[in-house]
Ligand code: BTN
């Protein structure tokens, strides 16, 4: 896909702005004043960090794999760092969250794929997770170019080969396969061993009673 890149100095949220653009656009900004995180959380947006959003057309049945594809693309763009992917699509560095992904479906049925990377600074207080930053070892501009390239490459792979190749790469980069985890869902918490991800991308959890559960959404915490 040919990407048209539009850069802003300051805006509320690159995801919000991206809603007004057509597929094939990448919105970036130096600063966000109301960065959005998953589950309606805020995304702390410091100057020098990276904020970008891709606008994708409706891709039909592969829509459900975009989050895994984006995590793989992001992990590859960060190949100079020893990053891991935490299900479904957080990027970890030294166990701390260094990047997050937020998908939104627009009123025109486009998909906005928002990526935030803590390039120079990570939020410190009151976070659900441990956080991390790249300590400025790469510039936001250079990283942005690498991500656009990698995103485009992995999107093409998803469109031509389907989810299986993405899934393999995702599993290679995954954090915590075979380890005990706690998965927090809106109304309950499940505990078990994180076995793998299913061919649909669900987290496969083996419970203490040795039953297997397939989880489609939730926050994962490594325990023990
Ligand atoms: C998460 O909670 O893990 C997702 C965070 C996504 C943050 C990025 S920053 C660029 C884009 N614009 C936003 O408002 N959010 C995403």
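Computed from the coordinates by the stated procedures, all read-outs in this text should not be read as laboratory data. Being a predicted model, the structure only gives us computed values, none of them experimental. Using ideal geometry, Cβ is built from the backbone for each residue, glycine included, and neighbour counts are taken over all protein chains shown.
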Does at least one position in the stretch 113-128 carry a residue that is without any contact (Cβ under 8 Å) to a residue 40 or more places away in the chain, in contact with a helix residue (DSSP H, G or I) (Cβ under 9 Å, 6 or more places away or on another chain) and surrounded by fewer than 23 Cβ atoms within 10 Å (Cβ to Cβ)? no
Residues being surrounded by 12 or more Cβ atoms within 10 Å (Cβ to Cβ) and without any contact (Cβ under 8 Å) to a residue 60 or more places away in the chain: count how many of those fall in the stretch 185-211. 13
Is at least one residue of the stretch 154-165 touching a helix residue (DSSP H, G or I) at 6+ places or on another chain (Cβ under 8 Å), surrounded by fewer than 14 Cβ atoms within 10 Å (Cβ to Cβ) and in a helix (DSSP H, G or I)? yes
Filter the stretch 38-66 for residues that are in contact with a strand residue (DSSP E or B) (Cβ under 7 Å, 6 or more places away or on another chain), surrounded by 18 or more Cβ atoms within 10 Å (Cβ to Cβ) and more than 18 Å from residue 7 (Cβ to Cβ) and give the result. 43, 56, 66
Residues that are assigned to a loop (DSSP other than H, G, I, E, B) and within 15 Å of the ligand (Cβ to nearest atom), drawn from the stretch 79-109: 87, 88, 89, 106
Condition (residue is in contact (Cβ under 8 Å) with a residue 24 or more places away in the chain and in contact with a helix residue (DSSP H, G or I) (Cβ under 6 Å, 6 or more places away or on another chain)) applied to the stretch 32-48: is it met by at least one residue? yes
